[in-house]
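Q: Below: one structure in structure tokens.
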Amino acid sequence: MDIVLNFFTFEQYKKALSLTPLSAGVALSVAGLGAGLTEAVVVNPFEVVKVSLQANRDAFKEQPSSFAQARRIINADGFGLRGLNKGLTSTLGRHGVFNMIYFGFYFNVKDAIPTSPDPTLEFMRKFAIGLVSGTISSCVNIPFDVAKSRIQGPQPVPGEIKYRTCFQTMALVYREEGYLALYKGLVPKIMRLGPGGAVMLLVYEYVSGWLQNNW
């Protein structure tokens, strides 16, 4: 769902920003930022439920459904930043920064590098740019990802909230564990979103081209 939402909202923001005086390159990055922020608002409650189910799996005699867990969170802490929208700022940063670089880098670099008449070379050109785009985006946004996991996951001391806000969590992790702790999980993230991001952009381009030619 989030992938479809991501590309759909990017397309809408791109169309709206084409009517502004922004340059095409800047407009693409801003459209990516807008798509990421929109996606974050929609998916964050699902992330909270997912993380709580994964982190507290040993606390349940019988694993509750996602809807049951969501009701439990709402009844205990409400819909706000301590409840179903816990870690929203970190999720906004994670998705917003990623998509701003992901879309902005890909389309700006793709337009700057000449196309190839050979279909195989053209595919490789786009795939390579998408791979680099997903890799750079992952490297830049992972501190937000780490902060999100700390905030939404179980706190070190039960009953005591140590990780409260996005930048407070980043600063605390840096102070207590060093800057490398802000990049935990970077390698598997790159392995997932580097090639995965390239494939998603190629599919997006193919579908967009097909729709423009047939609708």
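Q: Residue by residue through region 121-160, note down the ones that are over 18 Å from F103 (Cα atoms) and touching a residue at least 40 places away in the same chain (Cβ under 8 Å).
A: P143, F144, D145, A147, K148, S149, I151, Q152, G153, P154
Q: Which residue out of A128, A147, A181 is in a helix (DSSP H, G or I), modelled with pLDDT of 95 or more and crowded, with 19+ Cβ neighbours inside 10 Å? Spell out the reasoning first.
A: Working: A128 fails: crowded, with 19+ Cβ neighbours inside 10 Å; A181 fails: crowded, with 19+ Cβ neighbours inside 10 Å.
Among A128, A147, A181, only A147 is in a helix (DSSP H, G or I), modelled with pLDDT of 95 or more and crowded, with 19+ Cβ neighbours inside 10 Å.
Q: Now a separate question. Show the residue pairs meeting these rules: Cβ distance below 8 Å; 6+ apart or different chains; first residue within region 53-69 and closer than 21 Å to P158 by Cβ and assigned to a loop (DSSP other than H, G, I, E, B); second residue modelled with pLDDT of 65 or more and among the charged types (D, E, K, R).
A: Matching pairs, first to second residue: P64/R72.
Q: Is it the case that L17 is surrounded by 14 or more Cβ atoms within 10 Å (Cβ to Cβ) and within 16 Å of G104 (Cβ to Cβ)?
A: Values: surrounded by 14 or more Cβ atoms within 10 Å (Cβ to Cβ): yes; within 16 Å of G104 (Cβ to Cβ): yes.
So L17 fits the description; yes.
Q: Restricting the search to region 150-159, which residues are part of a loop (DSSP other than H, G, I, E, B) and either in contact with a Lys or Arg (Cβ under 7 Å, 6 or more places away or on another chain) or closer than 15 Å to R94 by Cβ (or both)?
A: If the condition is that a residue be part of a loop (DSSP other than H, G, I, E, B) and either in contact with a Lys or Arg (Cβ under 7 Å, 6 or more places away or on another chain) or closer than 15 Å to R94 by Cβ (or both), then G153, Q155, P156 are the ones that fit.
Q: Here is a follow-up. Can you tell me how many residues in region 20-37 are outside any loop (DSSP other than H, G, I, E, B), among the hydroxyl-bearing types (S, T, Y) and loosely packed, with under 14 Cβ neighbours inside 10 Å?
A: 0
Q: Quick check on region 38-53: of everything there that is surrounded by fewer than 19 Cβ atoms within 10 Å (Cβ to Cβ) and within 17 Å of the chain's Cα centre (by Cα), which residue is farthest from S65 (Cα to Cα)?
A: Out of the qualifying residues, it is V41.
Q: Another one. How many residues are without any contact (Cβ under 8 Å) to a residue 60 or more places away in the chain and in a helix (DSSP H, G or I) if we restrict to region 78-91?
A: Looking only at that region, the number is 2.
Q: If a residue has to be surrounded by fewer than 13 Cβ atoms within 10 Å (Cβ to Cβ) and not in a helix (DSSP H, G or I) to count, how many in region 160-178 make the cut?
A: 3
Q: Residue pairs, Cβ under 7 Å, 6 or more apart or interchain, first in region 106-120 and outside any loop (DSSP other than H, G, I, E, B), second of a type in the set (D, E, K, R). List them.
A: K110/K126
The values are calculated or read from the model by the stated rules, or taken from the named source; none is laboratory data. All of these numbers come straight from a predicted model, not from anything done at the bench. Here the Cβ is made from the backbone with ideal geometry for all residues, glycine too, and neighbour counts use every protein chain on show.
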